[in-house]
Amino acid sequence: MQRDVQKSNGKMTLIKAATKLGNESKSCKLCNPVQCWMHYFNNSTQHYGNGHQSKYWRFDKSGPKFTNPTTLTLTSIPSELRIPPSRFDDIGAYFQEKYEFAKASNSSMDYLVEYNPGLVVIPTKMKQDLPKEAAYLLSMRVTPANNCFSAKVYADLPKEVWNAAYYTATNHLGLALLDEKYQMLPGYDVVVEIDESFDLKRSTTTKAGDSVSPTFMDYRLFVLNNEVYLHANADTVIVNRLSLRAKGFGDDDAHMRSTGTCEAVAEEGGEMGNWEKPCRMDNLFGGDKLQITLMRQFNTVWSGGVYGKNYALFGVPNATHPNAPDSVYAEIDIFPHHVQQILPDEFDQLEKTDVFGRIWKPGTHKRRRFKIDRVNMRMVKEVGNTSESANAPLPSFSTVDAHEDWFPGDEAPFKEAAHGGACCVSFSVGELNLGGAKINHHEPLLVGIGHTKVTWKPWYSKKNIPQEKKDRVPHTHYVSLFYAFDPYPPFQIRARSGYFCLGHAPLATGNKLPPSEGGIFNSRSILTRNRMLQQNNITFDCPQMSFVSSFIQKAGDRSKTIIGYGLNDCTGRLVEVEKREITRLLYPDPTSMVFD
């Protein structure tokens, strides 16, 4: 069907292709929507196209049911670095003031927001050095860059102010300990500055005075072989192993003597920036109760090329040697599904010319003096070739973007190739046969969450394109989906849901969250409604960008999962979702599929 649609050059919809295939193939009669209707409704087409017809679900109605929603706020960030709510209504002037101060002091914009939460269950071996209440480790991106306010606010800024707000060199890492109910342990949330500590920070501006992107961007956490790994987006993806301890748990003086600061260790690493010993981070904010140790210099995952980012890292048990460490994989792309086995603690040393060859197109001659190339030269060891599975199945249900009255033919707004996202949670055979259509699974699957978006295209900037067309398909609007795949190479995708979006945090009364929302009040939660998901001039009740950045199994309860997501690059939130609910979306029963 997909092939027929592609060959038609926009003249055939997916519905017409399904009808054609159903009529031509005896083995695929149910591909014809009429035949499918007759099969499920007692060989009758009496109400076909009328009553219980095939549904095209709204994105804000097709998401998973969740419980225990939690708003995330790092209390360690000083109040003077928060955007005052009193300035929300004249935020353009506020940005202008901050730009003038940053320009005068040759610094970045001096306010911070936190979003895009990463989350892992703290490994057992690490718990002995932490408070007994600690169950999870949370990471967040901490930066001035944000989309809290309406697009018009940013569009009306002078170009130099807009550049300073978006292309800031400041991108800190926030870390916090959470208890079993996702509440932050008081005194155990901190902010650190990795690029400065590792002597990798780019200057705040170019020689021409233009602002530059940060050395690192989004951070994520993964547990592999009972160790915590930190993932960050740089030129491409970089990884490192980290360790935690709390002050007063064990011999503090011995720790200080045996583990040098990262600044000192980086200096010892010299021009090449290579070292293979632990170093302790100095906390920028939050005191010294939570102490972070990075185990070596970062290594770079080059498997997806220079534009790779947001890879999911996951482990697969050794089928022939159960006691051996898990094999570790990096999920490079989702559709098509590209996966590469890696050894995250080992690297091959590249020459700088080789790094430049990977970054720039052949035949171009450019100059570059970025310290991050010390890390780019440390290529993570790869095992074998990148696997690619066959085509993914069609979505398990349709959403409004697929309706031919909205976007006929090949005009569907969201690009087919999905990206991470977050992965992976293991679903057993029993869990896969609960909640959805009974399809008699006989093997477990791994499940992840991907995202796709309406991508910017050159015609958005052309004056001869009617504004009405641009408004009908606004770019940089995100939707999410679940996908499930085999837990062994080539990691074939076996199912995927339709699209959905995740909602806003509820409005607070005064400075207090309602009883339905856990966590800590965040004054910026109200701002996520400044940018709503829109398509075809319809507004949906969720943020323009609901970006899933973590997806894990709940500690002590394998029937539930936790999803962490960022809202419009402005705030972060956690929600709890039962596995059977995810199975319902991956394998819905077409006769009883109803979303509340």
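The values are calculated or read from the model by the stated rules, or taken from the named source; none is laboratory data. None of these values were measured; they are calculated from a predicted model. Methodologically, a virtual Cβ is constructed for each residue, glycine included, from the backbone with ideal geometry; neighbour enumeration extends over all protein chains shown. Accessible surface areas use protein heavy atoms only, side chains included; no ligands, DNA or RNA. Shrake-Rupley method; radii C 1.70, N 1.55, O 1.52, S 1.80 Å.
Shape verdict for the range 156-195, please, from the Cα gyration tensor: rounded (a/c under 1.5), prolate (a/b greater than b/c) or oblate. Verdict is prolate for the range 156-195. The sum of -39500 (n - 2.57) across all DSSP H runs of n ≥ 4, divided by the residue count of the chain, sets its helix-only mean residue ellipticity at 222 nm to -4500 deg cm²/dmol. Considering only Ser213, Ser243, Gly269, and ranking their Cα positions along the charge dipole of the range 205-287 that arises from unit charges at the beta-carbon of Lys, Arg, Asp and Glu, the one farthest toward the positive end is Ser243.
Classification of the range 339-390 by its C-alpha gyration tensor yields an oblate form. The axis ratio a/c (a ≥ b ≥ c) is 1.5 or more, and b/c is at least a/b.
In the range 337-430, the convex hull through the Cα atoms has an average projected area of 11.4 nm², a quarter of its surface area.
Can you give the local net charge around Glu180? Use residues other than it whose beta-carbon is closer than 13 angstrom to its beta-carbon, Lys and Arg +1, Asp and Glu -1. Write down the numbers at each step before the final one.
Values: positive: Lys127, Lys132, Lys181, Lys554, Lys560; negative: Glu133, Asp179, Asp557, Glu576.
Local net charge: +1.
Measuring between alpha carbons in the structure, the pairs from Lys247/Lys560; Lys309/Lys352; Lys16/Lys415; Lys181/Lys415 lying more than 25 angstrom apart are Lys247/Lys560; Lys181/Lys415.
List the relative contact order of the range 410-490 as a percent without decimals, with contacts defined as Cα pairs under 8 Å and 6+ residues apart. Mind dumping the intermediate values first?
Numbers: 109 pairs, mean separation 27.4, N = 81.
Relative contact order for the range 410-490 comes out at 34 percent.
Computed over the range 499-596, the P(r) tail beyond 16 angstrom holds 64 percent of alpha carbon pairs.
Taking Rh as the Kirkwood radius computed over C-alpha pairs, what is the Stokes-Einstein D of the range 422-520 at 37 °C in a medium of viscosity 0.692 mPa s, expressed in µm² per second? Numbers along the way, then the final one.
Working: Rh = 17.6 Å.
Approximately 187 µm²/s, per Stokes-Einstein.
Three principal axis extents of the range 241-362 based on alpha-carbon atoms, in descending order, are 49, 41, 27 Å.
To the nearest whole percent, what portion of all C-alpha pairs in the range 163-306 is separated by more than 26 angstrom? Counting pairs separated by more than 26 Å, the tail of P(r) holds 28 percent. Expressed as a whole percent, the accessible area of the chain that falls on carbon and sulfur atoms is 51 (1.4 Å probe).
Sorted from greatest to least, the principal axis extents spanned by the alpha carbons of the chain come out as 79, 62, 60 Å.
In the context of the full set of protein chains, the range 119-241 has a per residue accessible area of 35 Å² (1.4 Å probe).
Extending 7 Å from the Cα toward the beta-carbon at both Gln467 and Cys28 defines two label points whose distance is 4.5 nm. Spin-label point model (7 Å from Cα, Cβ direction): what's the Glu416 to Thr364 distance in nm? So the label points at Glu416 and Thr364 sit 2.8 nm apart.
Computed over the range 128-185, the percent of Cα pairs more than 19 Å apart is 51. Of the chymotrypsin sites (Phe, Trp or Tyr not before Pro) found in the range 102-178, no site is in coil according to DSSP while having at most 12 other Cβ atoms within 10 Å of its Cβ.
Within the range 497-596, list the trypsin sites (Lys or Arg not before Pro) lying in a DSSP loop whose Cβ has at most 16 other Cβ atoms in a 10 Å radius. Walk me through the numbers before you get to the answer.
Working: sites: Lys512, Arg524, Arg529, Arg531, Lys554, Arg558, Lys560, Arg573, Lys579, Arg580, Arg584; in loops: Arg531, Lys554, Arg558.
Answer by residue number: Arg558.
Toward the positive end of the charge dipole of the range 387-463, with +1 on the Cβ of Lys and Arg and -1 on the Cβ of Asp and Glu, the farthest Cα among Ala412, Val447, Asn391 is that of Ala412.
How big is the equivalent ellipsoid of the range 486-530 along its three axes, where each semi-axis is √(5λ) from the Cα gyration tensor, reported in whole Å from largest to smallest?
Details: eigenvalues 282, 33, 17 Å².
They are 38, 13, 9 Å, listed from largest to smallest.
Descending by average beta-carbon neighbour count within 10 Å, the peptides 138-145, 168-175, 502-509, 344-351 line up as 138-145, 168-175, 502-509, 344-351, the highest first.
Return the FRET efficiency for the residue pair Lys11, Lys61: r is the Cβ-Cβ distance, R0 is 51 Å, and the value is rounded to the nearest 0.05. Intermediate values should be presented prior to the final figure.
Numbers: r = 31 Å, r/R0 = 0.60.
Once the sixth-power term is evaluated, E becomes 0.95.
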